[in-house]
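Scroll down for the structure; my scribbles are underneath it.
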Amino acid sequence: MKNVLAAAALLALAACNGADPDEADTAADTAVSEVDPNADAGFEAVAPGNYEVVRADGSIDQLTVLPGMTWAMVFADGEAVGGTIFAQGGKNCFVTEGVEGHQCFEGSEPEDDGSMEVTAEDGEVMTVRPVESFTGAAG
């Protein structure tokens with residue numbers, strides 16, 4: 001099965017884009033009211049917006065982070081998926097609807113243009129970059 005969550009690494013890019021931590025949900029079973037935004041929990045909010053995830057092979061997936069810590073992605077091959085986001089161990093983690101488990105990603109400090117490298121648990125490194133809109137169909 002395609003590594004659906006690897007493309008969700010793009011969301012990790014948004015982690016450092018200045019989103020309001022009060023709008024972040026740290027886990028499906030943790031209420032927002034239980035999150036202390038001043039605590040050093042290793043979590044940074046994922047900013048809503050559009051992102052491109054550039055893989056090592058040059059393929060580009062299109063990711064949209066929605067308010068409420070949800071996401072939707074269209075892979076370069078046209079497959080579409082979505083799910084929810086939470087934080088664990090200082091990493092941004094993604095749950096894909098209909099897929100058991102989750103995958104977490106660690107991101108580098110963002111560059112001046114907002115792009116950053118993210119690393120999946122399996123070691124795959126991708127570049128995630130914010131975009132105003134998508135310039136055509138994936139692929």
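Nothing in this text is a laboratory measurement; each read-out follows from the coordinates by a stated rule. Since we're looking at a predicted model, the values are computed, not measured. Methodologically, a virtual Cβ is constructed for each residue, glycine included, from the backbone with ideal geometry; neighbour enumeration extends over all protein chains shown.
Extending 7 Å from the Cα toward the beta-carbon at both GLU100 and LEU66 defines two label points whose distance is 2.6 nm.
Give me GLU111, GLU121 sorted ascending by neighbouring Cβ count inside 10 Å, so fewest comes first. Could you put the intermediate results ahead of the total?
Values: GLU111 12, GLU121 15.
So the ranking, lowest neighbour count to highest, is GLU111, GLU121.
In order along the range 95-107, the Karplus-derived 3J(HN,Hα) couplings, from 6.51 cos²θ - 1.76 cosθ + 1.60 at θ = phi - 60°, round to 9, 9, 4, x, 10, 6, x, 8, 10, 10, 9, 10, x Hz, and Gly and Pro are given as x.
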